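J.: What follows is a structure written as structure tokens; I'll ask about it next.
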Amino acid sequence: MPDAIWVDRHDELPALGRALESQSFIGLDTEFLRERTFFPKLCLLQLAAGGDIWYVDTLHGGGLESLVPALTSPHTSKVIHAARQDLEAFYLTTKRVISPVFDTQIAAGCIGLKPQVGYAELVKTLLDVTIPKGQTRTDWSKRPLTREQLEYAADDVLYLGEIATRLIASLKELGREHWAAEDCAALEDPRLYEPDPAAAWERLRGIDQLSPTPRARAKTVAIWRERLARERDLPRSWIIPDAAIFAVAQENPTSRAELNALHAMPMNFNEAFATSLLRTLHEESTVPVTDMNPSQDARPTPEQKAMIERLAKIVDARAAELGVGAELLAPRGELKALAMGKRDTHALTGWRRSEIGDRLLSRLS
């Protein structure tokens, strides 16, 4: 492993930014914490380019504005594995999305490897190099970092350039560069990293199995929780867990005593949170109930279940022809949505439209 350069002074960042701008590939990874916060706390930014590796101490090095030109330059490909969380952490720090991105996990799926292949497994598969996994649960906010932590962090970017080169060659050989390019470009939408709190209820698995009035109530509580979690920078479950949202939705408590009586409510539920929640429920109780659009948690009819199985066979057959995982073409949830009448799915757009979407639509018609 080459000697890595530790950067923890703000006045060092402009020179690093200029050095990165001249590179064709920049390997990038982040280490962050979010166990005790709503937003990820960026602790370390690792960069690899031109045979060098840098650790940028984002806790003590000041803002990252000096790196933004290099990390958004259209002339430099930013190579990241399973990029979404890294992009989120950087975006929430700078309000800029890293681009263009080459996600090695996405590219690996496009050439027929597991769609969710891990970085260590990909390095082993393509380069026959074994990477230790000993620091996956470490506290990256502590200083100084140990030698083991630093070696782990360096390994996460050390092989990205070589992996990208091999993946790009395979994509070109298969004529699938546009597959990876399209899916990677979708990661550059800033709306992915600042979702609308009003859509927070969509995270609740099973919400559409509730009847209309409890379902509307669960939606209200989920939105309330999302806004409070963002405002206080606390994990959602620290505000109120999902099970308690469903209990509130079903029982409709109107007092603190009724709220406390719910089995799913945390014993130490914050007094101020309880007052705010009850007030929100009371205010929303005067609003007429309107049904929500069906989601993937809705229960299909027997006829729709049969259609899902027919669609799955089409996807499995096409995936076998292409030598890729079926979920890359159309995950089971999308087939369920299609069978239940939705048409705004990934399987019907972009490169997937010609590879599988038209076949699915033909079966649905």
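J.: From Arg143, Arg232, Arg217, grab the single residue that is touching a strand residue (DSSP E or B) at 6+ places or on another chain (Cβ under 9 Å) and charged (D, E, K, R).
T.: Values: Arg232 fails: touching a strand residue (DSSP E or B) at 6+ places or on another chain (Cβ under 9 Å); Arg217 fails: touching a strand residue (DSSP E or B) at 6+ places or on another chain (Cβ under 9 Å).
Arg143 is the lone residue from the list that is touching a strand residue (DSSP E or B) at 6+ places or on another chain (Cβ under 9 Å) and charged (D, E, K, R).
J.: Filter segment 214-233 down to the residues that are within 20 Å of the chain's Cα centre (by Cα) and of a type in the set (A, V, I, L, M), then identify the one that is surrounded by the most Cβ atoms within 10 Å (Cβ to Cβ).
T.: Only one residue fits best here, namely Ala222.
J.: Among the residues of segment 53-81, which ones are more than 19 Å from Trp140 (Cα to Cα) and small (Gly, Ala, Ser)?
T.: Ser66, Ala70, Ser73, Ser77
J.: Within segment 63-73, which residues are crowded, with 16+ Cβ neighbours inside 10 Å and over 20 Å from Tyr119 (Cβ atoms)?
T.: Taking segment 63-73 and keeping what is crowded, with 16+ Cβ neighbours inside 10 Å, we get 64, 66-68, 70-73.
Hits for segment 63-73 are Leu64, Ser66, Leu67, Val68, Ala70, Thr72, Ser73.
J.: Which of (1) more than 18 Å from Ala154 (Cβ to Cβ); (2) buried (at least 18 other Cβ atoms within 10 Å of the Cβ) is the odd one out, the single condition Pro100 does not satisfy?
T.: Answer for Pro100: the failing condition is (2).
J.: Sort out which residues of segment 74-96 are surrounded by fewer than 19 Cβ atoms within 10 Å (Cβ to Cβ), under 16 Å from the mean Cα position of the chain (by Cα) and assigned to a loop (DSSP other than H, G, I, E, B), and write them in order of number.
T.: Ala82
J.: Does Arg9 qualify as being surrounded by fewer than 19 Cβ atoms within 10 Å (Cβ to Cβ) and within 26 Å of the chain's Cα centre (by Cα)? Talk me through it step by step, then tell me what you get.
T.: Details: surrounded by fewer than 19 Cβ atoms within 10 Å (Cβ to Cβ): yes; within 26 Å of the chain's Cα centre (by Cα): no.
Criteria not met by Arg9.
J.: Out of the residues in segment 327-337 that are over 15 Å from Leu361 (Cα atoms) and assigned to a helix (DSSP H, G or I), which is modelled with the lowest pLDDT?
T.: Looking only at segment 327-337, we keep the residues that are over 15 Å from Leu361 (Cα atoms), and these are 327-328, 331-333.
Cutting the leftovers down to assigned to a helix (DSSP H, G or I) gives us 327-328, 332-333.
On the way: Glu327: 96, Leu328: 97, Arg332: 95, Gly333: 92.
That would be Gly333.
J.: To continue, here is another question. Suppose we filter Ala48, Ala70 for residues that are outside any helix (DSSP H, G or I), of a type in the set (Gly, Ala, Ser) and at pLDDT 95 or above; which single one remains? Steps first, answer last, please.
T.: On the way: Ala70 fails: outside any helix (DSSP H, G or I).
Selected residue: Ala48, the only one of Ala48, Ala70 that is outside any helix (DSSP H, G or I), of a type in the set (Gly, Ala, Ser) and at pLDDT 95 or above.
J.: What is the residue count in segment 236-274 for residues that are part of a loop (DSSP other than H, G, I, E, B) and either surrounded by fewer than 14 Cβ atoms within 10 Å (Cβ to Cβ) or in contact with a Pro (Cβ under 8 Å, 6 or more places away or on another chain) (or both)?
T.: Step one: list which residues in segment 236-274 are part of a loop (DSSP other than H, G, I, E, B), which gives 240-241, 252-255, 262-270.
Okay, now just the ones that are also either surrounded by fewer than 14 Cβ atoms within 10 Å (Cβ to Cβ) or in contact with a Pro (Cβ under 8 Å, 6 or more places away or on another chain) (or both), so 240-241, 252, 254-255, 262-264, 266-268.
Counting residues in segment 236-274 that are part of a loop (DSSP other than H, G, I, E, B) and either surrounded by fewer than 14 Cβ atoms within 10 Å (Cβ to Cβ) or in contact with a Pro (Cβ under 8 Å, 6 or more places away or on another chain) (or both) gives 11.
J.: Any residue in segment 338-365 that is in a helix (DSSP H, G or I) sitting within a Cβ distance under 8 Å of a residue that is of a type in the set (Phe, Trp, Tyr)? List the pairs, counting only those 6 or more apart or interchain.
T.: Correct list of pairs: Trp351/Trp179.
J.: Go over the candidates Ile111, Ile80 one by one and state the one that is touching a residue at least 24 places away in the same chain (Cβ under 8 Å) and touching an Asp or Glu at 6+ places or on another chain (Cβ under 6 Å). Walk me through how you get there before you give the answer.
T.: Values: Ile111 fails: touching an Asp or Glu at 6+ places or on another chain (Cβ under 6 Å).
Every option except Ile80 fails the conditions.
J.: I've got another one for you. So which residues in segment 186-212 are surrounded by 13 or more Cβ atoms within 10 Å (Cβ to Cβ), part of a helix (DSSP H, G or I) and more than 14 Å from the chain's Cα centre (by Cα)?
T.: Those that are surrounded by 13 or more Cβ atoms within 10 Å (Cβ to Cβ), part of a helix (DSSP H, G or I) and more than 14 Å from the chain's Cα centre (by Cα): Pro197, Ala200, Trp201, Glu202, Ile207, Asp208.
J.: Could you give me the residue pairs with C-beta distances under 8 Å whose first residue belongs to segment 56-77 and is on the phi > 0 side of the Ramachandran plot, whose second residue is outside any loop (DSSP other than H, G, I, E, B) wherever it lies, and which are 6+ apart or on separate chains?
T.: Correct list of pairs: Gly62/His10; Gly62/Leu13.
J.: Inside segment 305-324, can you point out the residues that are over 17 Å from Arg363 (Cα atoms) and either surrounded by 13 or more Cβ atoms within 10 Å (Cβ to Cβ) or touching a Phe, Trp or Tyr at 6+ places or on another chain (Cβ under 8 Å) (or both)? Quick ask: steps written out before the conclusion?
T.: To start, the set of residues in segment 305-324 that are over 17 Å from Arg363 (Cα atoms) comprises 320-324.
Residues satisfying the conditions are Leu322, Val324.
The values are calculated or read from the model by the stated rules, or taken from the named source; none is laboratory data. Given the structure is predicted, the values throughout are model-derived calculations rather than measurements. Heads up, the Cβs are rebuilt from the backbone with ideal geometry, glycines too, and the neighbour counts pull from every protein chain shown.
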